[in-house]
Amino acid sequence: MVEMDYKKEIANKILAKYENSKHFLSLHSTNRRVLLKMTEINKHYNDSSFYNTYRAINEAVDELEKEGYIAINKDTQEDNISIALNLDLEKIQQLYIIAKRVNKHDLLAGILEVCEEEKSDVDWINTFLLETMQSLKEGHASPYLKDKEDARDILHILKKLTRQKEEISLRKFSILCFHDSKKLEGYLPRVESIIQHYDHEELEEDVLSSFNVLKNPGFIYLKGHIVIALHGQVIDIGKINGPFSITTENLTALEIIAIEDHHLVTVENLTSFYDLKLNDSLMIYLGGYHNTLRRSLLLKIIAFKPSLACFHFGDLDAGGMNIFHHLRTKTQINFKPLAMNCFILEKYRDYGRKLTQNDMIRLNNIDDPYFQDVIKLMLEWHIKLEQEIIDLPEDVFEQPQYF
């Protein structure tokens, strides 16, 4: 069994306390000392059954005291002895060497240097930088940036994402960023958190798809009475028995020749898309949040036939409402919710799933006027609905209670 290096352990623990104290920013900020109880070094310190541990800790403490890094705190009871850090900056710097720990001042200064160098033409990235710099100056570590090099990598990814105009696989995007197909994966949780917090779109799943970076190949599914041309081939989708899929890389080549339908319906979930049979409706499965290329298809359809009445059918929960808001805001198309109202909630009340605490917080934060009545009822009944259990009649647009 490897013996514990208590000298290093004590140095680490008391430096951790120092970094979380007011002394870290100013040694003159308070008269209180940075103290570490012996039992915080090892919980068995006062247990006579662990005499060897007791002796090893005392020997390490004695060494650190003789070298001037700490002092024994004499003001406490004998069974509650603690040690006090010597608040001399030179001694503290040497103690970091003993602890084999990066000086937090140096760590934060390195991240701050990177943030001060970086600028972006994207507002939310600049907001992220400004808030991070303020926090670093106040002595707080960033939850997103680990160190100087890590900060460079994260900011490099964010900037690359905002410039990605064509769809690309996650692995190819990683190669584009780092010449390494897997390196990006280690940054994903923090990158997605930054986007969710600062981009203010409240994206939930597959965040990177909004920036045209896909974990899986991209397809768009259509059904309805639309005739298109692709690379010289004319395709009458209305004559196909079932949905027609288009790879997103072919979207720019797609030409619309005719649209007979009078309604455009976007659908959140694939199962519902397959099940739907709606009269006089061009239906599109976009796969949750749409991105730039999918938006271009919607705009191309509306440009071809501006008279289309546009609807979105999604989950009756906070996520579904946010997807609707994202779709309407980003496309600037006058979408209206379909089957996402009080009538539907009441009709399928027995199939409702219980709201979580997070659901309630998110619902209370939604200010879209289309959903205020149904949100009030959802909170009162404490339920939400999945889109898959909602069965729409073929003549849904002749029944105004659905929209």
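The values are calculated or read from the model by the stated rules, or taken from the named source; none is laboratory data. Bear in mind the structure is a predicted one, so any value in this text is a computation, not a measurement. Note that we place each Cβ from the backbone using ideal geometry, even for glycine, and neighbour counts take in every protein chain shown. Surface areas here come from the heavy atoms of the whole protein model, side chains and all, with no ligands, DNA or RNA. Shrake-Rupley method; radii C 1.70, N 1.55, O 1.52, S 1.80 Å.
If the chain linking Gln332 and Lys119 were pulled fully straight, counting 0.36 nm for each residue of separation and taking away their Cα-Cα distance, it would gain 73.8 nm.
Its Kirkwood hydrodynamic radius, worked out from the mean inverse distance over all distinct Cα pairs, puts segment 253-312 at 12.1 Å. Stretched out straight at 0.36 nm per residue, the stretch from Asp373 to Gln401 would grow longer than its current Cα-Cα span by 8.7 nm. Where both bridge residues fall in the chain, DSSP classifies roughly 65% of the beta bridges as antiparallel.
Applying 1/(1 + (r/R0)^6) with R0 = 30 Å to the Cβ-Cβ distance of Leu299 and Lys172, what FRET efficiency is obtained, to the nearest 0.05? Before the final figure, lay out the partial values.
Numbers: r = 26 Å, r/R0 = 0.87.
Working from the Cβ atoms, E equals 0.70.
Grab the Cα-Cα distance for Arg55 and Lys354, subtract it from 0.36 nm times how many residues apart they are, and report the gain in nm with one decimal. Present the calculation step by step, with values, prior to reporting the outcome.
Details: separation 299, 0.36 × 299 = 107.64 nm, distance 5.61 nm.
Additional length available on full extension: 102.0 nm.
Which value in Å does the Kirkwood hydrodynamic radius of segment 137-183 take, with 1/r averaged over all unlike C-alpha pairs and then inverted? Evaluated on segment 137-183, it is 12.0 Å. Dividing the mean sequence gap of close Cα pairs (under 8 Å, 6+ apart) by how many residues segment 247-353 holds gives a relative contact order of 26 percent.
Taking all Cα pairs closer than 8 Å and separated by 6 or more residues, the relative contact order of the chain comes to 10 percent.
Give me the orientation-averaged projected area of the Cα convex hull of the chain, in nm², one decimal. Walk me through the intermediate numbers first.
Working: hull surface 113.1 nm².
Convex hull of Cα atoms, orientation-averaged projection: 28.3 nm².
With the other protein chains left in place, how much accessible area per residue, in square angstrom, belongs to the chain at a 1.4 angstrom probe?
Per-residue accessible area for the chain comes out at 53 Å².
Whenever you get a sec, compute what percent of the accessible area on the chain sits on carbon and sulfur atoms (1.4 Å probe). Provide the component values of the computation, followed by the final result.
Numbers: 10260 of 21520 Å².
Of the solvent-accessible surface of the chain, carbon and sulfur hold 48 percent.
Taking all C-alpha pairs of segment 207-272, those more than 14 Å from each other amount to 65 percent. Amide H contacts of Asn73: Ser82, Ile83, Ala84, each under 5 Å away and 5 or more positions distant or on a separate chain (H built 1.01 Å from N in the peptide plane; Pro and chain starts excluded).
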